[in-house]
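Here the structure comes first, spelled out in structure tokens, and everything after it is commentary.
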Amino acid sequence: MSGPLVRAEGLTVAFPGRDGPRPAVDGVSLVLERGQSLVIAGESGSGKSLLCRTLLGIQPETAAVSGRLEWKGRSLIGLTEAEWRPLRGGSIAMVFQDPTAALNPLLTVGRQIMDAVRAHRRCSGAEARARAIEVLGLAGLPEPERRLASYPFELSGGMRQRVAIALALSAGPELIIADEATTNLDVSIQAQIVNLLIRLRRELGLALIFVTHDLDLAAEVGGELMVIYAGQPVETGEVRQVLADPCHPYTRGLLRSAPTLRSTRAEPLRPIPGQAPRLGTVGAGAPFRDRCSVVVEGLCALRRPGWTEAGPGHRVACHRFARDGRAGLP
Ligand SMILES: Nc1ncnc2c1ncn2[C@@H]1O[C@H](COP(=O)(O)OP(=O)(O)O)[C@@H](O)[C@H]1O
Ligand SMILES: [Mg+2]
């Protein structure tokens, strides 16, 4: 089949507020092709998890979804639970920050994976067992056959996350969404899990949405990057290109605030001053205006910036950049 796996246009997810809907995901457009990766980066509270959950139809019940969201050209908005079931965990699987939440502490690893296999396809116990061993192997668990009898508590954090990834692979998905899947792990384990996801994308042809607040990890994963602030995409493009030439004041602030492997300069870390806006307070202006050192008077407070090309496939939503280009950047 042709066409992208996922397409969103003006996707908005809003919670009810006293003065009307409060968008937490605000006008997100994206296209994800088969086998490609998309990194979504932004500070805590920027709407990353809510966006991922909406792609799986597991957003909170109070959240109102509007705009367009399609899987292989078919709208995902307003699907019934019965329509979601084959997609969720079948075509689209998610790996969460906390593997213990994804695993049942009372069941063996083998049992959980075999149940997941059989939830999506008719097969014998022996076939489900063979598939469980296969996905544990794909997820890089040593001696996968012996792991079938393990309980989650018997495994290290990194191994548990590998089991969660095996579980995600069990029904043969086409897209894996990893929401801060490495955030709670030691740095060395983090790199192993990121490498595993990269390898699975390459070897199984999976599409990957990788959510992180860590731009070094974003660079490792590669592919497209979407930097999101207060629910709004502010800069998109090929990851390494954006990180080499960040053109939105927020992206630049993020890079300066993070201890980064790429920074060879002995520059001190500079946190972005101020705080992300409270839900529903951004209104029509540029979302970053209250923390931005280069606001355009009379424009940023009033009008949401449209996209400006910064290079091939590299776009920035910033009034200052639209007016002054790189010369105007902080
Ligand atoms: N059930 C809910 N009710 C109201 N607001 C919510 C709910 N869930 C999330 N939010 C709000 O949505 C915004 C985005 O949250 P989230 O997607 O978890 O951010 P991130 O994953 O980027 O840290 C936050 O402002 C959060 O307070
Ligand atoms: Mg989150």
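What to note about this one:
- Test: residue in segment 171-182 that is under 21 Å from residue 56 (Cβ atoms), within 16 Å of ligand 1 (Cβ to nearest atom) and in contact with a His (Cβ under 8 Å, 6 or more places away or on another chain): yes
- Of everything in segment 141-170 that is charged (D, E, K, R) and surrounded by fewer than 19 Cβ atoms within 10 Å (Cβ to Cβ), the residue that is nearest to ligand 1 (Cβ to nearest atom) is 154.
- Subset of segment 176-192 that is buried (at least 24 other Cβ atoms within 10 Å of the Cβ) and of a type outside the set (S, T, N, Q) - its residue that is farthest from residue 142 (Cα to Cα): 177
- Tally, over segment 109-155, of residues that are closer than 17 Å to residue 165 by Cβ and of a type in the set (S, T, N, Q): 2
- Pairs, first closer than 19 Å to residue 86 by Cβ in segment 46-72, second part of a helix (DSSP H, G or I) and away from ligand 2 (no atom under 13 Å from the Cβ), C-beta under 6 Å, six or more apart: 57/84
- Restricting 311, 328 to residues that are surrounded by fewer than 17 Cβ atoms within 10 Å (Cβ to Cβ), touching a strand residue (DSSP E or B) at 6+ places or on another chain (Cβ under 8 Å) and in contact (Cβ under 8 Å) with a residue 24 or more places away in the chain narrows the list to 311.
- Qualifying residue in segment 148-159 (condition: under 30 Å from residue 69 (Cβ atoms) and part of a loop (DSSP other than H, G, I, E, B)): no
- The lone criterion from (1) at positive phi; (2) buried (at least 21 other Cβ atoms within 10 Å of the Cβ) left unmet by residue 280 is number (2).
- For the residues 223, 231, the requirement of being surrounded by fewer than 24 Cβ atoms within 10 Å (Cβ to Cβ) and touching a residue at least 40 places away in the same chain (Cβ under 8 Å) singles out 223.
Residue-by-condition table, conditions (1) of a type in the set (S, T, N, Q); (2) in the same structural domain as residue 56 (by TED's automatic domain parsing); (3) more than 16 Å from ligand 2 (Cβ to nearest atom):
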| position | (1), (2), (3) |
| --- | --- |
| 119 | no, no, yes |
| 136 | no, no, yes |
| 139 | no, no, yes |
| 178 | no, yes, no |
| 186 | no, yes, yes |
| 203 | no, yes, yes |
| 219 | no, yes, yes |
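- Here is the figure for segment 292-307: residues that are in contact (Cβ under 8 Å) with a residue 40 or more places away in the chain and closer than 21 Å to residue 26 by Cα total 2.
- Scope segment 46-75; condition surrounded by 16 or more Cβ atoms within 10 Å (Cβ to Cβ), over 13 Å from the mean Cα position of the chain (by Cα) and within 11 Å of ligand 1 (Cβ to nearest atom); matching residues: 59, 63
- Being farther than 22 Å from residue 236 by Cβ, away from ligand 1 (no atom under 16 Å from the Cβ), more than 15 Å from the chain's Cα centre (by Cα) and free of Cβ contacts under 8 Å to residues at least 40 places away in the same chain is a description that does not apply to residue 90.
- Residue ranges of helices (runs of 4 or more DSSP H) in segment 1-111 with at least 1 members within 16 Å of ligand 2 (Cβ to nearest atom) and either basic (Lys, Arg) or modelled with pLDDT of 95 or more (or both): 48-56
- Check on residue 81, without any contact (Cβ under 8 Å) to a residue 40 or more places away in the chain and either within 24 Å of residue 95 (Cβ to Cβ) or not assigned by TED's automatic domain parsing to the domain that holds residue 317 (or both): yes
The values are calculated or read from the model by the stated rules, or taken from the named source; none is laboratory data. All values derive from a computational prediction rather than experimental measurement. Cβ coordinates were reconstructed from backbone atoms using ideal geometry, including for glycine residues, and neighbour counts include every protein chain displayed.
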